[in-house]
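Accompanying notes for the structure given below.
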Amino acid sequence: MSLFNRLVVTSIPFVPKFIVGRVARRYVAGETFDDAIQVIRRLNGEGAMATIDLLGEEVHDAGPAQAATEEYLRVLEAIAEHGLDCNISTKPTQLGLMVDAGLYRKNYEVLTRRAAEMGNFVRLDMEDRTTTGLTLDLYRTLHGQFGGAHVGTVLQAYMRRTLSDIGALPEEQANIRLCKGIYIEPRDTAWKGYETVRLNFVNALEKLLRQGVYVGIATHDEYLIAAAEGLIDRLGIARDRYEFQMLLGVESKLRHILIARGHRMRVYVPYGKDWYLYSVRRLRENPEIARHVITAFFRGA
């Protein structure tokens, strides 16, 4: 990232919330699931699947964790009612990981059981290094209870432990979203350097595919997409054994290209009142868009 782009990114927290809100519409479906339904219908019409994320994380009280679980249960019902091609993505710290181990496990058991009854699927998102082991432990437990068709988790290519974690996945029907990773981690925990993380992404993807894991290839990096297509072709991976995944509002043209090439595609669709921090995170990853936000701020000042 250039020095100028670094300056742009570090300026984002000082931009008023209402300015960021104008751009948030690109990345967030809205504040309610009714808003998200419209976006998912459009994506399904384009040939893409979706995964729903209720925004919010790092919950420290039982009440909000329970409320998030109940909202996700309503979402599962609405997905079925409206006939949407959509599953759900969940943050462990939103469902009680930092509150109580028993509550955390109970919330996930209730949610995954209902998803299994409805023929749907729950993804346990991956957060920072302090939650990695606990998230993987619960994933393996839920996989044993409800089967790999109904629960999956995430591995991050920048984590040094990822190749080892792949080796410890369930032997049958493991379902993993592979992404680069976005949390700031120390060097002894995470690989550093753009090309280094890319290399580990490709290494991890190859190991997952060779191990028979169903992989959500979560990237907007065209280099990694080309590398993934090469691996899929070389290893003879069937089209129903993987999917590409992208964020709402990012690289829609590339998304359409991949769909046209016959790949399964899933779009991450967030909604909720906690849109600000999520949007700031997306802007930090996209300095060009962040520049437009800052320009709009100073023009209006």
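The values are calculated or read from the model by the stated rules, or taken from the named source; none is laboratory data. In this text, all values refer to a predicted model and were calculated from it rather than measured experimentally. Here the Cβ is made from the backbone with ideal geometry for all residues, glycine too, and neighbour counts use every protein chain on show.
In the stretch 130-151, the residues that are on the phi > 0 side of the Ramachandran plot reach residues that are of a type in the set (A, V, I, L, M) with C-beta atoms within less than 9 angstrom, at least six apart or across chains, in these pairs: Gly147/Ala116.
Restricting Gly144, Gly96 to residues that are farther than 13 Å from Asn175 by Cβ, among the small types (Gly, Ala, Ser) and assigned to a helix (DSSP H, G or I) narrows the list to Gly144. When Leu73, Leu103, Leu84, Leu97 are checked against the criterion of being at pLDDT 90 or above and within 25 Å of Ile217 (Cα to Cα), a single residue qualifies: Leu84. Among the conditions (1) touching a helix residue (DSSP H, G or I) at 6+ places or on another chain (Cβ under 9 Å); (2) modelled with pLDDT of 95 or more; (3) buried (at least 16 other Cβ atoms within 10 Å of the Cβ), His143 misses just one, which is (1). Residue selection: Arg234 fails the criterion of being among the basic types (Lys, Arg), assigned to a helix (DSSP H, G or I) and surrounded by 15 or more Cβ atoms within 10 Å (Cβ to Cβ).
Restricting Leu73, Leu111, Leu136 to residues that are within 16 Å of Val154 (Cα to Cα), in a helix (DSSP H, G or I) and either β-branched (Val, Ile, Thr) or touching a helix residue (DSSP H, G or I) at 6+ places or on another chain (Cβ under 9 Å) (or both) narrows the list to Leu136. For the stretch 257-283, taking the residues that are at pLDDT 95 or above, in a loop (DSSP other than H, G, I, E, B) and surrounded by 17 or more Cβ atoms within 10 Å (Cβ to Cβ), the one that is nearest to the chain's Cα centre (by Cα) is identified as Arg264.
For Gly102, indicate whether it is in a helix (DSSP H, G or I), free of Cβ contacts under 8 Å to residues at least 12 places away in the same chain and out of contact with any Cys (no Cβ under 8 Å at 6 or more places or on another chain). For Gly102, the condition - in a helix (DSSP H, G or I), free of Cβ contacts under 8 Å to residues at least 12 places away in the same chain and out of contact with any Cys (no Cβ under 8 Å at 6 or more places or on another chain) - is met.
For the stretch 87-99, name all the residues that are within 10 Å of Thr69 (Cα to Cα) and without any contact (Cβ under 8 Å) to a residue 40 or more places away in the chain. Answer for the stretch 87-99, where residues must be within 10 Å of Thr69 (Cα to Cα) and without any contact (Cβ under 8 Å) to a residue 40 or more places away in the chain: Thr90, Leu95, Gly96. I'd like to know if the stretch 202-220 contains one or more residues that are modelled with pLDDT of 95 or more, aliphatic (A, V, I, L, M), outside any loop (DSSP other than H, G, I, E, B) and more than 20 Å from the chain's Cα centre (by Cα). No, because not a single residue in the stretch 202-220 is modelled with pLDDT of 95 or more, aliphatic (A, V, I, L, M), outside any loop (DSSP other than H, G, I, E, B) and more than 20 Å from the chain's Cα centre (by Cα). The residues listed here are Ala116, Ala67, Ala62; of these, the one that is at pLDDT 95 or above, farther than 27 Å from Arg42 by Cβ and touching an Asp or Glu at 6+ places or on another chain (Cβ under 9 Å) is Ala62. Considering the stretch 204-248, and only residues there that are of a type in the set (Phe, Trp, Tyr) and without any contact (Cβ under 8 Å) to a residue 40 or more places away in the chain, the residue that is nearest to Arg266 (Cα to Cα) turns out to be Phe244. Whenever a residue of the stretch 158-187 is farther than 21 Å from Met246 by Cα, its partners that are of a type in the set (Ser, Thr, Tyr) and in a helix (DSSP H, G or I), lying with C-beta atoms within less than 9 angstrom and at least six residues away or across chains, give the pairs Arg161/Thr132; Asp165/Thr132; Leu169/Tyr139; Pro170/Tyr139. Answer yes or no as to whether Leu254 is closer than 25 Å to Ala36 by Cα, surrounded by 14 or more Cβ atoms within 10 Å (Cβ to Cβ) and free of Cβ contacts under 8 Å to residues at least 60 places away in the same chain. Here the answer is yes, as Leu254 does meet what is asked. For Val197, state whether it is at pLDDT 95 or above and touching a Gly at 6+ places or on another chain (Cβ under 9 Å). Answer is yes for this residue.
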